[in-house]
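Notes follow the structure.
What follows draws every value from the coordinates through simple rules; no lab data is involved. In this text the structure is predicted, and so the values were computed from the model without any measurement. When we count neighbours, we look across all protein chains shown, and the Cβ atoms used for this are built from the backbone with ideal geometry, even at glycine.
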Amino acid sequence: MLLALSVLMNAWLAVTTSQRGPTHPKVISLPQGEVSRIPSPDGKWILTFECPNECSQRKLWIEDTSVHTRRFIKDYERDLSISWAPDSRHFFVDDAWGSNGESCSVYEPGTLKIIDMGAVLLGANSDVNRFLKAGHSYLRATHWIDLHNLTVVLFGHFDDPPFRGFTLRYRVGLNGDVHKLSQKQSEEEPH
């Protein structure tokens, strides 16, 4: 019965997606209670963020709905933002790991292979290292542009005089292509 329901749901999602064109799943900010479930656009996967006991623990899991297996992804210290790629083949996690830092990773759900967005930016341009190592440095994916590219923003400020803010915007491809879209000498948190 569950398998039949899953097949019908996937078929419905495919029809409605083809009628509306490509969708761009929204970014979900967590925690939003003790348990948050974030299904992939195709319904094959469910990310579950558990934050019980007044968020004394923060765990992210992934479930393959076709075989009902659940795997542990990672423990987190603070808040997350998550978004699925429109084709459900990847998802990103923005990890606000401290008051002075945030990192971004893209995961492949079947293998949990990780693409570290900081390493991708650094591989494309070693000059970005000074921004990644600034006193306050936040690397955040803001949205999926398409199936293989996302907008990533690196913002923050240097703690050593002269105190300077920065905001750099990039288009980052999962294949490692990086294109700088803009750079400002001010700290602007993306929304």
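Quick look at the numbers
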{"quantity": "Which of LEU122, LEU47, LEU168 has the fewest Cβ neighbours within 10 Å, and the rest in rising order", "calculated": "LEU122, LEU168, LEU47"}
{"quantity": "Magnitude of the charge dipole, the chain, Cβ model with Lys/Arg +1 and Asp/Glu -1, debye to 20", "calculated": "380"}
{"quantity": "Loop-located chymotrypsin sites (Phe, Trp or Tyr not before Pro) in region 94-160 whose Cβ has at most 11 other Cβ within 10 Å (DSSP)", "calculated": "none"}
{"quantity": "Contour minus Cα-Cα distance for GLU77 and ASN125 (0.36 nm per residue)", "calculated": "14.3 nm"}
{"quantity": "Where no second cysteine Cβ lies under 4.7 Å, the cysteines concerned in the chain", "calculated": "CYS104"}
{"quantity": "Among THR111, THR151, THR65, residue whose mean-square fluctuation peaks in a GNM of the chain (springs only between Cα atoms under 10 Å)", "calculated": "THR111"}
{"quantity": "Computed magnitude of the charge dipole of region 35-117 (debye, nearest 20; Cβ of K, R +1, Cβ of D, E -1)", "calculated": "260"}
{"quantity": "Most mobile listed residue (GLU54, GLU63, GLU34) in the chain, GNM with C-alpha springs under 10 Å", "calculated": "GLU54"}
{"quantity": "Most positive-pole-ward Cα, VAL172, CYS55, SER83, against dipole of the chain from beta carbon charges", "calculated": "VAL172"}
{"quantity": "Amide N of region 72-86 lying under 17 Å from the label point, which is placed 7 angstrom from the Cα of SER99 along Cα→Cβ", "calculated": "77-79"}
{"quantity": "Relative contact order (percent, whole number), region 30-184, Cα cutoff 8 Å, 6+ residue spacing", "calculated": "13"}
{"quantity": "Extension reserve of the ILE114-LEU147 stretch, reckoned as 0.36 nm per residue once the Cα distance is removed", "calculated": "10.2 nm"}
{"quantity": "Given charges at Cβ of Lys, Arg, Asp, Glu: region 30-184 dipole, positive-most of SER182, PRO41, ALA96", "calculated": "SER182"}
{"quantity": "R0 of 25 Å, Cβ-Cβ distance ILE28-GLN57: FRET efficiency to nearest 0.05", "calculated": "0.85"}
{"quantity": "Virtual spin-label span in nm between GLN185 and ILE46, 7 Å along Cα→Cβ", "calculated": "5.2"}
{"quantity": "Listed values (1) 8, 26, 29, 15, 9, 6, 4, 2, 0; (2) 9, 33, 33, 18, 5, 1, 0; (3) 9, 36, 38, 15, 3, 0, 0, entry calculated as P(r) over Cα pairs in 10 Å bins from 0, in percent", "calculated": "(2)"}
{"quantity": "21 Å Cα-Cα threshold exceeded, pairs from LYS113/LYS180; LYS133/LYS180; LYS74/LYS180; LYS59/LYS133", "calculated": "LYS113/LYS180; LYS74/LYS180; LYS59/LYS133"}
